[in-house]
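Asker: Quick one: structure below, then a few questions.
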Amino acid sequence: MQAVRRTLNALRAVALLEFLVAAARARIVATHIFQGVAHRLLVGMPAVRTVHMAMLVVVMIVIMVVVAIGAMNMGLLVHRFYSANKSGAHYPANRDEAVSAYFDSHMIANLSMLIFSSVFQRLCILMRRANLMTRQERIARAIAASGMKKGEIAAQCGVANSAVTQWISGESKSLRPENLYALARATGFRAEWLAIGEGPEKEAPFDANVALIDQPNMSFRYPVISWVSAGSWEEAVEPYPDGFSDRYEISDYDSKGPAFWLEVKGDSMTAPTGVSVPEGMMILVDTEADVQPGKLVIAKLPASNEATFKKLVEDGGTRYLKPLNPAYKMIECGADCRIIGVAVRMTARL
């Protein structure tokens, strides 16, 4: 009888250990579920994924029920043993019967619980990898799937190679909308998925009977070069060849010649009314655009090797460089005044 008691005590210890292991696995699974639910609450949960989440929760409930059944069966076995011994029936009568009773009442439920727990944990891990990727992980996945190198991605997005590296590493905490959409076009992945992980990775393919029409490339990249404060005579600005700058910006303007971006500084081109180019604006300069009175130009006097940004006007056959801010004086643009380029686009950086 002592041997039977020792056997049952050992079985109870094994059952307790298995229950603790199952509880630990259930905690891990529950953590994945709660993280998934929290993510969905933050970014929104489409109807289809709501169904998927509900199905996973149902499976989790089934696992918990199986665990409870196993624990109840073990409890009934112990109760049956003590009740029988109290009445003098001495159940189970021997060690073999005790082992058989344990396996009959507990093994199937316990193994089922472990199998369900393992499968469900794997499902949750896959769900987390698919739906809870960080932005840099999604960007890295898109670039890897495109088969392009970082330099090629940078060229198509109009940024430096270092910017793409920062997107992948997560050093860049924000991604400008124009860069996001350029990256989406370059990789073939959806911008929404790249940004917040919502929706399918790629757009659904068109019907085989529908042919795609090639669209002209309406995006052009130009270097951003350092620039003097508008109205302050400092370092001259000249057109730079490709590769001079480590930063580029995208525009829909197809330049007639070499072009570059400049950042306006100072208030000489800030007008109280009408057209105004305040400080911080980015202007695109085309070095071969038509130069006519009324245009905003970049001009330079060769004798001083200095440049400025002004409006070109003509009065009585004489050309002048006119600031849009009336607080500044006009400058005569004589024979020694050379027009470097014409401002053709203007955009703001927020």
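The values are calculated or read from the model by the stated rules, or taken from the named source; none is laboratory data. Everything quoted here is computed from the prediction, not taken from an experiment. We place every Cβ from the backbone using ideal geometry, glycine too, and count neighbours over all the protein chains shown.
Asker: Cβ contacts < 8 Å: first residue part of a helix (DSSP H, G or I), restricted to the range 152-176; second residue basic (Lys, Arg) and at pLDDT 85 or above, any location; separation 6+ or different chain. Result?
Answerer: Hits for this filter: Gln156/Arg185; Asn161/Lys150; Val164/Lys150; Thr165/Lys150; Ile168/Lys150.
Asker: Let me ask another. Looking at the structure I just gave you, is Glu314 acidic (Asp, Glu) and either closer than 13 Å to Leu262 by Cα or surrounded by 19 or more Cβ atoms within 10 Å (Cβ to Cβ) (or both)?
Answerer: On the way: acidic (Asp, Glu): yes; either closer than 13 Å to Leu262 by Cα or surrounded by 19 or more Cβ atoms within 10 Å (Cβ to Cβ) (or both): no.
No.
Asker: Can you find a residue in the range 295-302 that is at pLDDT below 85 and under 43 Å from the mean Cα position of the chain (by Cα)? Can you show your working first?
Answerer: So the first thing to find is which residues in the range 295-302 are at pLDDT below 85, and the list is 300-302.
With the extra rule that they be under 43 Å from the mean Cα position of the chain (by Cα), the set shrinks to none.
Within the range 295-302 (the criterion being at pLDDT below 85 and under 43 Å from the mean Cα position of the chain (by Cα)), the answer is no, since none of the residues qualifies.
Asker: Let me ask something additional. Leu175: in contact with a Cys (Cβ under 6 Å, 6 or more places away or on another chain) and either over 20 Å from Arg221 (Cβ atoms) or surrounded by 15 or more Cβ atoms within 10 Å (Cβ to Cβ) (or both), yes or no? Show your work before the answer.
Answerer: Values: in contact with a Cys (Cβ under 6 Å, 6 or more places away or on another chain): no; either over 20 Å from Arg221 (Cβ atoms) or surrounded by 15 or more Cβ atoms within 10 Å (Cβ to Cβ) (or both): yes.
Answer is no for this residue.
Asker: Which one is nearest to Thr308 (Cα to Cα), of the residues in the range 322-349 that are more than 37 Å from the chain's Cα centre (by Cα) and among the small types (Gly, Ala, Ser)?
Answerer: Applying the filter and picking the extreme gives Gly341.
Asker: Surrounded by fewer than 18 Cβ atoms within 10 Å (Cβ to Cβ), modelled with pLDDT of 85 or more and of a type outside the set (Val, Ile, Thr): does that describe Arg247? Even if it seems obvious, please write down each step before you answer.
Answerer: Values: surrounded by fewer than 18 Cβ atoms within 10 Å (Cβ to Cβ): yes; modelled with pLDDT of 85 or more: no; of a type outside the set (Val, Ile, Thr): yes.
So Arg247 does not fit the description; no.
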